[in-house]
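Here the structure is laid out as structure tokens; the discussion comes afterwards.
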Ligand SMILES: Nc1ncnc2c1ncn2[C@@H]1O[C@H](COP(=O)(O)OP(=O)(O)O)[C@@H](O)[C@H]1O
Ligand SMILES: [Mg+2]
């Protein structure tokens, strides 16, 4: 469904991605792991249309999406959950969902149902200010928002970053509940989360994919995984 072939992406004259090639098949959960500064966010932004690669190709369901505006890419079925976990803090949780639903012509009840389906507790928080949610709940709200409409592929940038162990478990459950129903391409540095959910892992270093792991035993072998980081 998503094929990235040999892309290079730069900020001005500084080339950050060097010949990245990856593939996500329909229904797969694919992770990108790598240290800070490896280029993981730059890669997701290049797929979502916020940055334009200078070389290579990106196709989604066999159509080229390279060079399309982010809104067009979103409408084609790719939704992007940014790393910064930013919600509309002054608005309620319900209003946050409503704002995301409106341009997609989806009713607020359907939008709420999407988030409830991955995290039933959100029902209790619908009238609270989104700014009062915990970091983990904000992340779940953002994932719920990305599920509105009929997305085919979610790009999620570091969903467990900065969260306490108990909260990481909530996120893990949310991701597990979506696994197989929607394709997932997730940037994640927590290797135990990766090992539990991944069908495939790409290890990134200095703007390149240095290893692709599909074997479950290898994914759960900390020594093998850490040596690639
Ligand atoms: N807006 C930007 N302008 C210039 N350089 C950037 C910008 N954003 C990121 N970079 C650089 O690109 C490299 C990769 O960054 P990033 O994709 O954010 O890595 P990661 O998400 O793996 O931590 C880093 O060296 C970073 O300093
Ligand atoms: Mg990043």
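The values are calculated or read from the model by the stated rules, or taken from the named source; none is laboratory data. Note that the structure is predicted; figures quoted are calculated from it, not measured. Note: ideal-geometry Cβ built from the backbone for every residue, glycine included; neighbour counts use all protein chains shown.
Checked against (1) within 16 Å of ligand 1 (Cβ to nearest atom); (2) surrounded by 15 or more Cβ atoms within 10 Å (Cβ to Cβ); (3) under 30 Å from residue 224 (Cβ atoms), residue 50 passes all but a single condition, namely (3).
From the list 45, 40, 85, which residue is under 15 Å from the mean Cα position of the chain (by Cα) and closer than 15 Å to residue 153 by Cα? Residue meeting the stated conditions: 45.
What residue, among those in region 182-197 that are more than 16 Å from ligand 2 (Cβ to nearest atom) and at pLDDT 95 or above, is surrounded by the fewest Cβ atoms within 10 Å (Cβ to Cβ)? Looking at the filtered set, the residue picked out is 182. Quick check on my filter: what residues within region 181-209 are part of a loop (DSSP other than H, G, I, E, B) and more than 27 Å from residue 7 (Cβ to Cβ)? Once the filter is applied, which keeps residues that are part of a loop (DSSP other than H, G, I, E, B) and more than 27 Å from residue 7 (Cβ to Cβ), region 181-209 yields only 181. Quick check on residue 67: is it surrounded by fewer than 18 Cβ atoms within 10 Å (Cβ to Cβ) and near ligand 1 (Cβ under 10 Å from one of its atoms)? Spelling it out, it is not the case that residue 67 is surrounded by fewer than 18 Cβ atoms within 10 Å (Cβ to Cβ) and near ligand 1 (Cβ under 10 Å from one of its atoms).
The residue pairs whose first member lies in region 65-86 and is at positive phi, whose second member is exposed (fewer than 13 other Cβ atoms within 10 Å of the Cβ), and whose beta carbons are closer than 9 Å, counting only pairs six or more residues apart or on different chains, are 77/150; 85/162.
Within region 210-229, can one find any residue that is in contact with a helix residue (DSSP H, G or I) (Cβ under 7 Å, 6 or more places away or on another chain), touching a residue at least 60 places away in the same chain (Cβ under 8 Å) and assigned to a helix (DSSP H, G or I)? The answer is yes; a qualifying residue exists. Selection within region 74-94: residues that are within 15 Å of residue 185 (Cα to Cα) and away from ligand 2 (no atom under 16 Å from the Cβ). The member of this set that is surrounded by the most Cβ atoms within 10 Å (Cβ to Cβ) is 78. In region 31-45, the residues that are more than 15 Å from residue 4 (Cα to Cα) reach residues that are more than 9 Å from ligand 2 (Cβ to nearest atom) and part of a helix (DSSP H, G or I) with C-beta atoms within less than 6 angstrom, at least six apart or across chains, in these pairs: 33/194.
Just checking, how many residues over region 13-30 are within 13 Å of ligand 1 (Cβ to nearest atom) and either modelled with pLDDT of 95 or more or under 12 Å from residue 153 (Cβ atoms) (or both)? So the count comes out to 6. For region 156-169, the criterion of being more than 16 Å from ligand 2 (Cβ to nearest atom), under 22 Å from residue 77 (Cα atoms), in a strand (DSSP E or B) and in contact (Cβ under 8 Å) with a residue 24 or more places away in the chain is met by no residue.
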